[in-house]
1. State all residues of segment 20-29 that are under 9 Å from the mean Cα position of the chain (by Cα) and open to solvent by 50 Å² or more (accessible area, probe 1.4 Å); if no residue qualifies, say none.
2. Counting only residues that are open to solvent by less than 80 Å² (accessible area, probe 1.4 Å) and more than 8 Å from the chain's Cα centre (by Cα), how many does segment 30-46 have?
Amino acid sequence: MWYTIIKRYYDNQHPLYNNDSLKTFVTAKMITLEEYKKITNVEYSA
């Protein structure tokens with residue numbers, strides 16, 4: 001559920017949804033590492 005919402009905001013270039021801020025969602029277990037990569041096209045690194 002969270003993946004779709006986060007991806008939509010990221011794709012629409014919302015100023016608060018960038019690669020670094022999306023790491024917060026991974027930490028909070030709202031999205032997985034795989035979903036992070038799907039959204040950003042970048043491997044997750046802490």
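1. Those that are under 9 Å from the mean Cα position of the chain (by Cα) and open to solvent by 50 Å² or more (accessible area, probe 1.4 Å): Asp20, Thr24.
2. Result for segment 30-46: 5.
The values are calculated or read from the model by the stated rules, or taken from the named source; none is laboratory data. The structure displayed is predicted, hence computed values, not measured ones. Accessible surface is based on the protein model in full, side chains and every heavy atom, while ligands, DNA and RNA are left aside. Shrake-Rupley method; radii C 1.70, N 1.55, O 1.52, S 1.80 Å.
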